[in-house]
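None of the figures in this text is laboratory data; all of them are computed from the coordinates on show. Since this is a predicted model, take the numbers as computed values, not measurements. Using ideal geometry, Cβ is built from the backbone for each residue, glycine included, and neighbour counts are taken over all protein chains shown.
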Amino acid sequence: MTLARDAYAVAERLKDTSPDTAGRLRKAAVAVPAHVAGAISEEPAKRREHVLAARGALAEVARQASRAPGEDSRELTRRAETLDLSVLFEFGPTDPAS
């Protein structure tokens, strides 16, 4: 949830100069905790979908934050990338063969 709060702060700063980036950042940021919660609570058959969606949302947060100037944006990018590794570690690979 901290990631979402910080992403919203960066999006607020960007809303006048880059409203599309701000909107995509907010949308991806709120998807992360929702999909992580889904991965935790769903049966194993649906867990993969939530893990993939959470990782995709984290990649989008990192991508959109990297487009924004400022140290807070760079820190948000690093945190999203680190959280992606944490999700991968916690839930394992998502390829069907594993």
Open item on the list: Helix-only estimate, please: 222 nm mean residue ellipticity of the chain, summing -39500 (n - 2.57) across DSSP H runs of length 4 or more and dividing by its residues, to the nearest 500.
Closed with: -28000 deg cm²/dmol
Task: Student exercise, the chain dipole from Lys, Arg, Asp, Glu Cβ charges, in Debye to nearest 20 - done: 180 debye
Task: Highest to lowest packing among 52-59, 2-9, scored as the average C-beta count within 10 Å - done: 52-59, 2-9
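I want the local charge near Ala65. Using Cβ-Cβ distances under 15 Å, sum +1 for each Lys or Arg and -1 for each Asp or Glu among the other residues. If you can, show how the numbers build up before the last one.
Details: positive: Arg5, Arg13, Lys15, Arg24, Arg26, Lys27, Arg63, Arg67, Arg74, Arg78, Arg79; negative: Asp6, Glu12, Asp20, Glu60, Glu71, Asp72, Glu75, Glu81, Asp84.
Neighbourhood net charge equals +2.
So if each residue of separation counts as 0.36 nm, and I subtract the Cα-Cα distance between Met1 and Ala59, what length gain in nm does that give? Don't skip to the end; give the middle numbers.
Numbers: separation 58, 0.36 × 58 = 20.88 nm, distance 1.60 nm.
Length difference between fully extended and current span is 19.3 nm.
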Open item on the list: Just to confirm the filter: which GluC sites (Glu not before Pro) across region 38-98 are DSSP coil and have at most 15 other Cβ within 10 angstrom of their Cβ?
Closed with: Glu42
- [ ] For percent of Cα pairs over 23 Å apart, several values are listed as [x] 25; [y] 18; [z] 54; flag the one computed from this structure.
- [x] [x]
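Give me the net charge for the shell around Glu12: Cβ to Cβ below 13 angstrom, other residues only, Lys and Arg +1, Asp and Glu -1. The partial results should precede the final answer.
On the way: positive: Arg5, Arg13, Lys15, Arg26; negative: Asp6, Asp16, Asp72.
Taking every Cβ under 13 Å from that of Glu12, the sum is +1.
Find the relative contact order for the chain and round it to a whole percent, using C-alpha pairs within less than 8 Å whose residues are 6+ positions apart.
On the way: 107 pairs, mean separation 25.6, N = 98.
Taking the mean separation of contacting Cα pairs over the length of the chain, I get 26 percent.
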TODO: Considering only Gly23, Gly38, Gly70, give the residue with the highest GNM mean-square fluctuation for the chain, with springs between Cα atoms whenever their separation is below 10 Å.
DONE: Gly70
